[in-house]
Structure formats: structure tokens, C-alpha cells
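**Student:** If you scroll down you'll find the structure; I have some questions about it.
The values are calculated or read from the model by the stated rules, or taken from the named source; none is laboratory data. Worth saying up front: this structure is predicted, and the values here are computed from it rather than measured. Heads up, the Cβs are rebuilt from the backbone with ideal geometry, glycines too, and the neighbour counts pull from every protein chain shown. The accessibility values were calculated without ligands, DNA or RNA, using every heavy atom of the protein model including side chains. Shrake-Rupley method; radii C 1.70, N 1.55, O 1.52, S 1.80 Å.
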Amino acid sequence: MADTSFGPKGWTPERLGNLAGKTYVITGANAGAGFQAARILLGKGAEVVMLNRSAEKSAAAVNELREEFGAAAPVRFIRMDLAEQASVRMAAEELLKTTPRIDALICNAAIAQVPTRKLTPDGFESQLGTNHYGHFTLCGMLFDRIEEAKGRIVVVASLGYNMGLKTIRFDDMNWNEGYGPNTAYSQSKLAQMMFAYELQDRVKTAGRNVEVYVCHPGSSATSLITTSGSRFMRLMFHIMTKTPLVQTAEQGSYPEVMCATEDGLEQRALYGPTGRLEVVGPVGRGTLNAHAYDKPVMVRLWERSEKDTGFSWQL
């Protein structure tokens, strides 16, 4: 049943008030839904810090936003490559030095459907290493600063978590055998969700003051597939963009902006489009399937993530 708590049109940025004095950190914000989220938040008076891999694309994005909102618009970027743990740590340290307040960290960046198996510099399968391990360390390093603002962590997931194995293949997380672009992507997005739901449990147990939300953009016309997908996947997605099953990048940003700002949301939930196949339509609370919060798997993944990244959370 579609979520109607925000009315027939679902959640829209019209619900936002003045966000002056608040700071939002967004990974992968130089294009697509992340860029549109930055636009929306800046338009309401917030400060936005982008964490992006490409300095050139980031500078262009900042210039575009300042052309729209004025030369003094409070937007900047710090270079960070989620695929490299060292880069994540350096960016987090720079952010902590330069950013006294973080009201929400939006874990938006991702790579998808990488056609052939690749490893990150740290030896992880590229989609798992970028989408999950990079954000795992980043969230841990920024957690205390987020808590100081009684802030939020927003994990941007994907309906791809319902595909593939629907669990974590602990005996071969790097897909030394049987690599498939979609199955590996699905595992990486499921891992992100399991991290978020396990973090919710640990935050509650420790009595800490950070809210954690999970959302997905639905099927949106972003650069995700065109950046990392195969030629076939790029062609298929281009065809899909001509159908009613794909919405704009701006609409795709609504769930993450909502989760970063809206009061009264449930944490053990998945927010996104609630229309056809839950890939388009009004934004609200969607369907969350139980394999995404399988407790023994979540705990094992957390412990494995700390071991693999060398980052131990202090909660």
C-alpha cells in the first residue's frame, strides 16, 4: 500500500523551511541526484560540502551552483575517492578541520554494474569497496561531529538489494569466482543497508544521539549507469529514460533530502518512490524486505567491515 502520510503528491521540497545555519555533507554531489540535493539544500539557505572524486567536475559543479545562488553561496568541495581508504581518511580529517557542524551526512555516491571485476587499491571488489567500505569508514570518522549537531546519517541504497543473492557472500566477498556486474552491485547495496540498520541498533544501545535513515532514488535519470556500467547497460538505460519508468534526477534526490531534513520519520524503514514498482511516483515510505536487516548477517558484516577497513567504530 502506498504511503500517503505526505499527501497524494508525496514528500516534496515545498515542505522545507529555512535551513540557514545548517550544514550538509554529500558524497558524489557533482552530478545526478547528489547535485540536485545540493541545489535544493542551498536554495533553502544551508551550507553544502561535497565529497567528490573529480576535482575538475567538482569545481564546475560549484561554479554552476554559485551562478544560480550567487558568488557567496556557501558551497565547497573536498576531494575524496571512496574506493581508497586512505583518501577517505584524509578527506574526513580535512572535513573535521574545516567544518564545525554537520547536520547530516548523505552517503549518495556509488558505482554500479561495473562490467568486469576490478579491485580497489585496498584489494576490495570495486563496487563493495566504493559503495560500502568507503562509506563505512567515512561515517565512523564523522560520527562524533554529526552527533554534536544531533544530526543524521542518510544511506542512499537501491532496490538492487532485492536482486542477486539477497545476503552477503562472506566466503568470497570479492567475487574471485562467479562475478556478475549486477550480483556484485546488489551485494554492495545490501551491505550499505545492513550497515545502516546495524548502526541504528548500536546507536540505540550506546545511547548516542544520531538518527540513521535509508532511502533510494528509484529509477532516475542520473549518471550512475553511464559512469560505470557496460555499453549494453548504458544503451538499455538510455532506452528506459524514454519511458514512464524513469524520473528526473531532481525527483531522484527527494528521498535523500527528505531523510536529511524531515522530522518524524521511522528509522527501520526504506524511503523512496511509492508509485509503479516503487521506482517512480510520490516519495514516502516504501517496502522493506526482511533480508535487509537479518541480524546475524548484519553483525557479521559489521565485524568483517571493521577488520577489512582497519577502522574500529567507537560507540
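**Student:** Among the residues of the range 57-70, is there at least one that is more than 27 Å from Q251 (Cβ to Cβ), open to solvent by 60 Å² or more (accessible area, probe 1.4 Å) and modelled with pLDDT of 95 or more? If you could, list the steps in order and put the result at the bottom.
**Tutor:** First, the residues of the range 57-70 that are more than 27 Å from Q251 (Cβ to Cβ): none.
No, the conditions are met nowhere in the range 57-70.
**Student:** Something else about it: Please pick out the residue among I78, I111 that is surrounded by 16 or more Cβ atoms within 10 Å (Cβ to Cβ), in a strand (DSSP E or B) and not charged (D, E, K, R).
**Tutor:** Within the list I78, I111, the selection yields I78.
**Student:** Just to be sure I understand, how many residues within the range 249-279 are among the acidic types (D, E), in a loop (DSSP other than H, G, I, E, B), open to solvent by 30 Å² or more (accessible area, probe 1.4 Å) and in contact (Cβ under 8 Å) with a residue 12 or more places away in the chain?
**Tutor:** Residues of the range 249-279 among the acidic types (D, E): 250, 256, 262-263, 266, 278.
Cutting the leftovers down to in a loop (DSSP other than H, G, I, E, B) gives us 262-263, 266.
Narrowing the set further to residues that are open to solvent by 30 Å² or more (accessible area, probe 1.4 Å) leaves 263, 266.
After this cut, where a residue has to be in contact (Cβ under 8 Å) with a residue 12 or more places away in the chain as well, the list is 266.
Of the residues in the range 249-279, 1 are among the acidic types (D, E), in a loop (DSSP other than H, G, I, E, B), open to solvent by 30 Å² or more (accessible area, probe 1.4 Å) and in contact (Cβ under 8 Å) with a residue 12 or more places away in the chain.
**Student:** A further question follows. Considering only the range 13-47, state which residues are outside any helix (DSSP H, G or I) and open to solvent by less than 30 Å² (accessible area, probe 1.4 Å).
**Tutor:** L16, L19, T23, Y24, V25, I26, T27, G28, A29, A46, listed by residue number.
**Student:** So which of G140, G178 ends up being crowded, with 16+ Cβ neighbours inside 10 Å and not charged (D, E, K, R)?
**Tutor:** Testing whether each residue is crowded, with 16+ Cβ neighbours inside 10 Å and not charged (D, E, K, R) leaves just G140.
**Student:** Sticking with this one: Any idea how many residues of the range 292-315 are in a loop (DSSP other than H, G, I, E, B) and not hydrophobic (A, V, I, L, M, F, W, C)? Give the derivation first.
**Tutor:** Filtering the range 292-315 down to residues in a loop (DSSP other than H, G, I, E, B) leaves 294, 310-315.
Now restrict to residues that are not hydrophobic (A, V, I, L, M, F, W, C): 294, 310, 312, 314.
Residues in the range 292-315 being in a loop (DSSP other than H, G, I, E, B) and not hydrophobic (A, V, I, L, M, F, W, C): 4 in total.
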